[in-house]
Amino acid sequence: MANETMADVERPTTFEEYVAAEQASDPKKGKKGMWLLLGCIDYRYPRRTVDAMHRIGPNIPYDQFILAGASLGACVPAWQAVLVQHVQAALKLQHQIEQIVILDHRDCGAYQHPREIGVPETILKEGLPRDVLPSVEKACHESVLVQLVPVLKDLLRGDIPNLKVSAWLLTRDQDDPLDVRSA
């Protein structure tokens, strides 16, 4: 549709729906490029991620990288360098990474205490309160991503020229796709 806007496009509402849509859109069944899943250390989410990829996206090969705060942790300079080194190592080991999928989550301790993990104030001035409004929390995650995504793309441009980055804010009920288009 020529006059279609982003508001007209039905977007997946959960990480699981996103995986299913990506699996269904694969024109080369079984030959999809690899994903790097960047997740948080929070114990509540790794099982869900692995289960979704196993059940819904069995033809999507993926690696995982875990940092406290996921996207926020990737803004800590030393951790960011290690993330990039791991992506480069994976590529040397023939892992054909084409996409980084960032899996943030609500009520993240790193987002509540960014100084404790070494996040520069230029990325996140102060931590979120535990009783933050969902809309404020989502906007905060998107603000971090708007700063992070261009940096990752720039750092990895020589290795993955067409790197795609997507991000999700996981909850216990319905996930929020995070907007990285402006990044």
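Read the figures in this text as sums done on the coordinates, not as results from a lab. It should be emphasised that the depicted structure is a prediction, and the values quoted were computed from it without experimental measurement. Cβ sites come from the backbone with ideal geometry, for glycine too, and all protein chains shown count toward neighbours.
A few comments on the model shown:
- Farthest toward the positive end of the dipole of the chain, out of Gly109, His86, Pro129, is the Cα of His86, where the dipole comes from beta carbon charges about the Cα centre.
- Listed values for the range 88-96 are Karplus-derived 3J(HN,Hα) couplings in whole Hz (6.51 cos²θ - 1.76 cosθ + 1.60, θ = phi - 60°), namely 4, 5, 4, 4, 5, 8, 6, 8, 7, and x replaces Gly and Pro.
- Given their separation in residues at 0.36 nm each and the Cα-Cα distance between them, Leu91 and Arg157 gain 22.5 nm when the chain is fully extended.
- In terms of its alpha-carbon gyration tensor, the range 32-89 comes out oblate; a/c meets the 1.5 threshold, while b/c is at least as large as a/b.
- Computed FRET value (nearest 0.05) for Val146 with Ala24, which takes r as the C-beta separation and R₀ as 30 Å: 0.55
- Difference of contour (0.36 nm per residue) and Cα-Cα distance, Glu98 to Asp63: 11.5 nm
- Loop-located trypsin sites (Lys or Arg not before Pro) across the range 58-158 with a Cβ neighbour count of 12 or fewer within 10 Å are Lys125, Arg130, Arg157, with loop assigned by DSSP.
- For the range 15-178: span of alpha carbons on each principal axis (Å, largest first): 45, 36, 23
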